[in-house]
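Below: one structure, written as structure tokens.
Every number in this text was worked out from the coordinates using simple rules, so none of it is lab data. Given the structure is predicted, the values throughout are model-derived calculations rather than measurements. Neighbour counts run over all protein chains shown; Cβ positions are idealised from the backbone, glycine included.
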Amino acid sequence: MNSTPSNERQCDQGQNPTAKAVYGDCPPWEICNTWPCRHTPCQDVDWLASLEEGSLYPEFHRKAWWYFQYPSLLEGVPSEEAEKYRATFDRCQRLLDKTESIRDEIRVNRLRMRREWGVPLPDLEYLKTLDIDALKKELAEKITFLFKSDEKLQKMRRYRRALAGTGS
Ligand SMILES: [Zn+2]
């Protein structure tokens, strides 16, 4: 398996059977012929390129992020190879800048798919109606009850042991 991208081939988007085979975002009952497809959790071009690179050239991908964070490490790398890593730096930076919006897009898409598949969603409206302070109080009462029950149990055990003449 290649560990570095060739010069000719950029990590492209659009129809790509290799990445498709690797990622398979589609549920078994609805396989798409394209990648990315409506099941791909994020359509951001940089995110997709990064995902594909990580799949096709995992070692290169890991090092690229490493060199992006610590560019001085590239000093010992032959210039032609170093150039390939440097070529990923703009994308790495854009991905960092977009971290939040990408996370949001993935969350929204996953929820949409769960809805489509009939998988129960967290009921946000119900959660909003809960009174957190009341819940805390209720929990504290339960914990107190458990401690008291345990105390009673321990007392009962001590009493039994005392009756049996083996009390401590
Ligand atoms: Zn699909």
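Annotations
- Calculated from backbone phi, Karplus (6.51, -1.76, 1.60) coupling profile of the stretch 60-65 in Hz, x at Gly/Pro: 4, 4, 4, 5, 4, 5
- 15 Å beta-carbon shell around residue 94, net charge (K/R +1, D/E -1): -3
- Extension gain for the segment residue 33 to residue 127, taken as residue separation times 0.36 nm less the Cα-Cα distance, is 30.0 nm to one decimal.
- Surrounding net charge for residue 119, when Lys and Arg each add one and Asp and Glu each subtract one, Cβ distance under 12 Å: +3
- Cα pair distances exceeding 24 angstrom across the stretch 17-122, given as percent: 37 percent
- From most to least packed by mean Cβ count within 10 Å, the peptides 92-98, 82-88, 138-144 give 82-88, 92-98, 138-144.
- Each other residue within a Cβ distance under 14 Å of residue 82 adds +1 if Lys or Arg and -1 if Asp or Glu, for a net charge of -1.
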